[in-house]
Amino acid sequence: MLFPARFEYHAPASVKEAAHLLHEYNEDVRVLAGGQSLIPMMKLRVLRPKHVIDINQIPELSYVKKTNGGLKIGALTRESLIERSETILDACPVLAEASGEIADMQIRSRGTLVGSLCNADPSADYAPVALALDAKMEAFSTKGSRTIEAKDFFAGSFSTSLEPDELVTEVEFPELGKDTVASFAKLSRSFGDFAIVNVASLLRFSDDGICKDARIALGAVASTVRRAREAEKILVGKKLDERVVRDASENVTGVCEATSDIRGSKEYKTEMAMVMTKISLTRVLEEARSRRLLK
Amino acid sequence: MKVRVNGEEVEAEVEPRLLLAHFIREKAGLTGTHVGCVSGKCGCCTVIVDGEPVKSCMMFSVQANGSDVLTIEGLGKDGTMHPIQEAFWESDALECGFCTPGMIMAAYALLNKNPTPTEQEIRRGMVGNLCRCTGYLNIIKAVQSASEKIRGVK
Amino acid sequence: MQQLLPLKKKWVGTGVKRRESKRLVRGEGAYGDDIKVSNLHYIGIVRSPHAHARILNVDTSAAEKMPEEVAVFTAKDLKKDMKPGGHMLPYPAPDAKEWLPGTRLLWRYPLAGAKTHYVGEAVAIVVCKDMYSIEDAIEAVGVEYEVLPAVVDAEQAMKPGSPLLYEELGDNISYTFRYPEEGEDDELKAAFKSADKVVRGRFKQHRHTGTPMETRNVTANYDTHNETLTVWEGTQNPNFLRMQLTKVLGIPEAKIRIIVPNTGGGFGIRCFGYDESFLIPYVAYKIRKPVRWTENRMEHFLATGHAREQIHDYEAAVKKDGTIIGLRDRIIVDGGAVNVYWASWRSTAFNLPGPYKIQNLSVDLYGVFTNKTPYWSYRAFGKLDADVAMERIIDHVARELTLSPIQVRVRNFVKKHEFPYETATGAVLDSGDYDVAVERALKLIDYDKFREEQTELRKGGRYVGFGLVMCFEPTGAGGIVGVRPGYEPVRFSMTPTGDIIIETGSCSQGQAHETTLAQVVADELSVDPDRVVVLENDTMYHPYGFGAYSSRFSINTVPAAVVAARKAKEKIFQIAGFKLGLEPLDLTVEDGVVFSKKNPERRITLSEVARVAYLGADEFPPGIEPGLEVLAYFKGPTIGKKGKRKGTLNIFSTYPYAVHAAIVEVHVDTGKIDIRKYAAFHDCGTVINPKVIETEHMGSIAQGLGGALYEELVYDKDGQLLTTTFMDYHIPTFLEMPNVLFDHTETPSPFTPLGTKGGSETGTVGPPIVIAQAVEDALSQFNIVITETPLTMDRIWAKIKGAGTKPH
């Protein structure tokens, strides 16, 4: 058996109360949402917080709301809901797609989107989507709330720009417009495993079929999720076709700082960043064609 | 804390670190829920909490305070077998049986959400449960057969 | 004798539903951790975090001061109370040497004393009253180490100047075996001289293991009232463990009781005693309280046996037509830190020629100590390793001679009319028809159609390939495991009301022994299987059997049950004959009734015979003992049979086989292998229960696929195991297991009464080799040769990259 070290358990009934507890215990505390990463790490005693703040007793944190041009998702919204939420499937299907790739049915029925983002595992599946789509996190503390953009949120491996007493209460994703196509592609040793490489791409097309905006976010190839800006530059201003896709894909390796481990060698991961980017962009290309966005 | 396990209230004073799996085994005395790993990968400890399938080693028992928990022991009523249990037996969907309770609970959750899963939907839906004896193929058959039994096709 | 054979086979060969499953699907199985014992105390084990270190000091004071009543034991305590074991724990001197030829003998205790030799080796034990305090108590034990350089590569470990695990030996060699004993003979040398070609190569098989879903678990209690030590452990051979325990603890064997609970899979890794098998009973004996240790999955990867890691450097002398006229193989086994399972390496050498007529052979085998978890037995122990190497050698020969791999196999096969066939190493192959199996497998997978498809798909830039291999599986080991258990006893008894009880010292980890033994005995006595109760798993009652490994059940236990039932039948006929006033020879039995063959009206029920046997003192014939109980043994007639060549003998009873064929697609951009079609055609002699066999085969194939594609125990250079959870050690899931086309034929073994052979180990053998061959075929234009396993995506990708040829 492996059992966690002892801790004190708190189950606040409101976000305010949670923030107070976080403020009070500051460094020695962890927020428990889905717990599907936290609990195993506590069992392995990699993490041994003295205080655990369980936000599961704040049911009002579980929601998917459509706003003007966006989607707001609460901190307790489970991955299983994201996977099948009509609102998300309609407004931001790529998010549901990434959700379906995570672990398994049971893990997804506890795990939360916000929890996964806050855990900042460099090979987790939501982070590339959040970065490519410019998601915004709502961080709350006793001092009030602030919005953190995805590009500023992921600080490193298992590390974010959150202050120790801050709690993410909500994440906002944009609604993908008619001119926009996004895709998610993941390579893993088997279904549900952490990614060897994962890629989220988002492209916007002008009325004349030219790519006017491109975002490619790569996971698992560095200490944190990265934008492949050189590749994006190649796409912008061009009419998308197989050749452009290939050119762009071949220019993602600059952001790769992969290390060799049991999921593959450094060289393999670096090349897979290209391969998976190509797959992701090819999916965008195909969908753009079928939606007649390329003219 | 109090949990309703298979309809019966179980009350116990627990350390916060006690995992739900051990609450079920040690406090409720129901040893059909097995613990096979530490990382939430094997699925042997799968139970249904308030209608949702969870791995009970991935939840602190205090989190289930006030919840309804369904375990393998609660599936068959009065000594009869649930159609999924019957199907597992008939389809030879087990050998050593250690993964079986978790497997059956996962199948229960899957069939609740999707009463007529395709082979691929079964494979994807149950990917969180590992089996080392059967090679899964008979389990797929069992879930298909259970689906038919529940719908009264067979 | 003819009279004693069953009149008809009603149950053998029938897919009877498993009786065991009924309780298991309800969650009513009682596995080790489910056994309820009052006043239970819990054990945690302090394990070495270093691969190689001197233990300078173990400070137990902080743990002992914990409020939760913690007791701590270290190697010092063991030395006072316990005898050391040999590396394979049961053998205290002086009888060990002759039992373990070739082995470097060392003595050890189940807790490390002066040094630790691998990460995970047990250093101290903590005993707690509260289950959840175990980890806290483990953390409270302070061990001071002086870290030493570790060696994690067997070839490095063989070099002079390598760190030494056991300084007293002067090197790291743990075991040596040579065939022929006196070295290479003239015939072999001549074969290499006359060869058209000599094919040389190397094949490396990686470290992986069985990892059943239930981890290990030991509960022990010393009952002062009966002065009996009771141990609950899911071991694969309880009687053997009892003997080991008596030797180490000094408690009389008759005062030790081993109960095997429901066990969550064995696959060989539960064979024989582990350190914990001795430690936990020791603590119970010491503190006079019931104790339990439940392994966690991380400990499992560190402390439960690993397997398979071997290097083969081979040279084959071949004729142009593909005939292999001579073979040399130098085998290096990375045996890990403790010399436990040398027998499986011996098995590799013994089985190297497999189903092929290679009479000129030399094998040099070295077992090597490294700072890694000990090498254990794992499904198809040592035999798989031989088969994998041999099949790869055949593929290499085919490639060099530009012949088809199938052609080379068929060319070298032992032919149907040549059985029984004695191999170079003294194996007596019992029966088979390998050529037919190849034909049937080709049909099963629709080979002809595939070649057309392949051409089409290649045009579209897709890389699909075909593989076909022989899976050769010696079963029913006896003769090399130190003891020579080439036999098995079964106790048959019929109760006075006519129910049948079968007791066996075999024990099941999920193989449906209860169901299948009942089928066998039901046929023998022509009764319903429901009337047959099978009892196993308690040394207090069952006869001294040798447990379940090497498919011994269908080769030793089933035959013993048949022999017992037939002996009982003889007595039944004597009693019935006397009652009916008929000659016993005139009688037969069907559907629970004994009757005259000439006049079926003259009849008596089995229940009535049973009543007479026990209760009717004046109703049975003079000179016959009351009761209906038989203890019968079965020993395979060829086990231990001396071979033509010096020092050789046969060590397996039967030699079943299968042919696996696969069609794979390789994605050249990612190196990913998809299995498009998989077919297994097998022959394990007479099948008792086809459903049981099929399920076991599928599981066996899944394990083989895991080993071929995903599962790998990876160490870093310092000897840290990097794969200690299912997140890292990847066993196949629902999504990795392909559908399998499955069929079989039955070539009964002439050496078992029903013709049974070992059931399903062939499944594990096939995948690594059939996929390797199919990948090579798929990537033929890159000239890729698979020389090591597993075939992970990054390895295949690297091969393609390294080939330098751009796909057209």
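The values are calculated or read from the model by the stated rules, or taken from the named source; none is laboratory data. These numbers were taken from a predicted model, which means no experiment stands behind them. Neighbour counts are summed over all protein chains in view; Cβ atoms, including those assigned to glycine, are modelled from backbone coordinates with ideal geometry. SASA here: full protein model, heavy atoms, side chains in, ligands and nucleic acids out. Shrake-Rupley method; radii C 1.70, N 1.55, O 1.52, S 1.80 Å.
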statement: The value for the protein assembly as shown (convex hull of the alpha-carbon atoms, volume per residue, Å³) is 187
query: Hull surface divided by four, with the convex hull built on the Cα atoms of chain A: how many nm²?
result: 15.1
statement: Excluding ligands, DNA and RNA, the carbon-plus-sulfur percentage of the accessible area of the range B:1-140 with a 1.4 Å probe reads 44
message: Let me check the size of chain C from its C-alpha atoms; what are the radius of gyration and Dmax in Å?
response: 27.6, 91
- request: Mind listing the long-range amide H neighbours of residue A:47? Cut-off is under 5 Å, sequence gap 5 or more, other chains count too, H placed in the peptide plane at 1.01 Å from N.
  value: A:42
query: In the range A:255-295, what is the volume of the convex hull around the alpha carbon atoms, normalised per residue and reported in Å³?
result: 61
- request: Can you spot the lysines whose alpha carbon is less than 21 Å from residue B:2's alpha carbon? Ignore those fewer than 8 places along the same chain.
  value: B:27, B:55
task: Determine the shielding of peptide B:16-26 by partner chains: average, over its residues, the number of Cβ atoms on other chains within 10 angstrom of each Cβ.
output: 4
- prompt: So, with a 1.4 angstrom probe, what is the percent of accessible area on the range C:643-752 that is carbon and sulfur?
  reply: 51
Accessible surface buried upon C-A contact (total; probe 1.4 Å; Å², nearest 100): 2400
All lysines inside 21 Å of residue C:372 as judged from Cα atoms, apart from same-chain residues fewer than 8 positions distant: C:115, C:159, C:204, C:717
query: Binning every alpha carbon pair distance of the range C:325-467 at 10 Å from zero, what are the percents per bin?
result: 10, 31, 30, 19, 9, 0
message: Compute, for chain C, the length of the dipole vector about the Cα centre, with Cβ point charges of +1 (Lys, Arg) and -1 (Asp, Glu) only. Units Debye, rounded to 20.
response: 1260
- prompt: Given +1 on the Cβ of Lys and Arg, -1 on the Cβ of Asp and Glu, and no further charges, what dipole in debye does the range A:190-274 carry about its Cα centre, rounded to the nearest 20?
  reply: 200
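In deg cm²/dmol, rounded to 500, what helix-only [θ] at 222 nm does the protein assembly as shown give when every DSSP H run of at least 4 residues adds -39500 (n - 2.57) and the total is split over its residues?
-8500 deg cm²/dmol
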Listed residue (B:105, C:654, A:41) projecting farthest to the positive dipole end of the protein assembly as shown, Cβ model: C:654
In the range A:1-145, lysine pairs closer than 25 Å at Cα, eight or more apart or cross-chain: 11
- request: Assuming R0 = 45 Å, can you tell me the calculated FRET efficiency for the pair residue C:631 and residue C:114, based on Cβ-Cβ distance, to the nearest 0.05?
  value: 0.45
- request: Report, in debye and to the nearest 20, how large the dipole of the range C:494-607 comes out about its Cα centre when Lys and Arg carry +1 and Asp and Glu carry -1 on their Cβ.
  value: 420
- prompt: With θ set to phi - 60° and the Karplus curve 6.51 cos²θ - 1.76 cosθ + 1.60, what are the ³J(HN,Hα) couplings of the range A:243-255 in order, to the nearest whole Hz, using x for Gly and Pro?
  reply: 5, 5, 4, 5, 4, 4, 4, 6, 10, 9, 5, x, 8
query: Expressed as a whole percentage, what fraction of the accessible surface of the range A:47-146 belongs to carbon and sulfur atoms when a 1.4 Å probe is rolled over the protein heavy atoms?
result: 48
statement: Residue ranges of DSSP H helices in chain C that stretch 30 Å or more (Cα, own long axis) and have mean Kyte-Doolittle hydropathy of at least -0.5 are C:558-580
- line: Stokes-Einstein, Kirkwood over Cα pairs, the range C:510-610, 10 °C, 1.306 mPa s; D in µm²/s equals 107
- request: Report, by chain and number, residues whose modeled amide H sits under 5 Å from the one on residue C:106, excluding near sequence neighbours (fewer than 5 apart, same chain).
  value: C:87
query: Per the Debye formula with a single identical scatterer at each Cα and no solvent contribution, what log10 I(q)/I(0) holds for the range A:179-247 at q = 0.19, 0.20, 0.23, 0.24 Å⁻¹?
result: -0.77, -0.83, -0.99, -1.04
- request: Obtain the nm distance between the two label points defined at residue C:540 and residue C:667 by a simple spin-label model: each point lies 7 Å from its Cα along the Cα-to-C-beta direction.
  value: 5.7
task: Starting from the amide H of residue C:533, placed 1.01 Å from N in the peptide plane, find each other amide H under 5 Å away whose residue is 5 or more places distant or on another chain.
output: C:500, C:501, C:502
- request: Compute, for residue A:123, the solvent-accessible surface of its heavy atoms (probe 1.4 Å) with the complete set of protein chains present, and express it in square angstrom to the nearest 10.
  value: 20
statement: The FRET efficiency for residue C:227 and residue C:591, from their Cβ-Cβ distance with R0 = 51 Å and rounded to 0.05, is 0.60
- line: So the C/B interface buries, both sides summed and with a 1.4 Å probe, an accessible area in Å² (nearest 100) of 4800
field: Antiparallel DSSP beta bridges within the range C:139-264, percent to nearest 5
entry: 60
- prompt: Using the Cα gyration tensor of the range A:1-116, with a ≥ b ≥ c the square roots of its eigenvalues, what is the shape: rounded (a/c below 1.5), prolate (a/b larger than b/c) or oblate (neither)?
  reply: oblate
Listed residue (C:294, C:283, C:232) projecting farthest to the positive dipole end of the range C:220-296, Cβ model: C:283
task: Run through all the Cα pairs of the range A:184-295 and give the fraction in each 5 Å bin from 0, expressed as whole percent.
output: 2, 14, 25, 23, 16, 10, 6, 3, 1, 0
- prompt: Taking both sides together, what accessible area is buried at the B/A interface, probe 1.4 Å, expressed in Å² and rounded to the nearest 100?
  reply: 2600
- request: Taking the Cα atoms of the range C:630-717, report the difference between the largest and smallest coordinate on each principal axis, in whole Å and largest first.
  value: 60, 41, 27
- prompt: Can you pull the three principal axis extents for the Cα set of the range C:650-808, in Å, largest first?
  reply: 56, 42, 34
task: Using only protein heavy atoms and a 1.4 Å probe, report how much of residue C:141 is accessible, in Å² to the nearest 10.
output: 10
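Solvent-accessible area per residue for the protein assembly as shown at a 1.4 Å probe radius, Å²?
I get 34 Å² per residue for the protein assembly as shown.
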query: Kirkwood-based Rg over Rh for the range C:546-705 (C-alpha set), two decimals?
result: 1.21
field: Where labels lie 7 Å past Cα in the beta-carbon direction, separation of residue A:207 and residue C:198 in nm
entry: 8.0
- prompt: Between residue C:147 and residue C:64, what is the FRET efficiency for a Förster distance of 22 Å, r being their Cβ-Cβ separation, to the nearest 0.05?
  reply: 0.25
- prompt: Mind checking which lysines have their C-alpha under 19 Å from residue A:238, skipping anything on the same chain fewer than 8 residues away?
  reply: A:178, A:212, A:278, A:295
field: In nm, spacing of pseudo-spin labels at residue C:781 and residue A:287 (7 Å Cα→C-beta vector)
entry: 3.3
message: I need the Debye-formula profile for the range C:376-422: one equal scatterer per C-alpha, no solvent, reported as log10 I(q)/I(0) at q = 0.14, 0.17 1/Å, two decimals.
response: -0.47, -0.65
